[in-house]
Amino acid sequence: MNKKYLDKVIGSLVRSTKIDRDTDRITIPFSIISVSDISTISFDNFNNNVIFKNIVFHSYCKSQFGLTGDEVSYVWKEYSDIINKKI
């Protein structure tokens, strides 16, 4: 696992994530449905790991960044920790 590369992936995901405190929603840089390139979800759904449980996050990380399953798990943990601190 190349931690330096994974940290760049995490940074990219964080920079591409928009947090709207007025509506308690997060716009993520990938789709949890196959209709669009991005999705907007509630803070609660983010906190309940809806994204991580969704196969689309895994597919997105594998196709966009070439990550393995273990790397996706690491990226999710770090990314979600950062976003949860921001919300």
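Any read-out appearing in this document is the output of simple, stated calculations on the displayed coordinates, not a laboratory observation. All values reported here derive from a predicted model rather than from experimental measurement. All Cβ positions, glycine included, derive from the backbone under ideal geometry; neighbour counts span all protein chains shown.
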Within the under-12-Å Cβ sphere about Ile83, not counting Ile83, Lys/Arg +1 and Asp/Glu -1 give a net charge of +3
If the chain between Ile87 and Ile19 were fully extended at 0.36 nm per residue, the gain over the current Cα-Cα distance would be 23.7 nm
Candidate cut points under trypsin sites (Lys or Arg not before Pro) in the stretch 3-33, DSSP loop plus at most 16 other Cβ atoms within 10 Å of their own Cβ, are Arg21
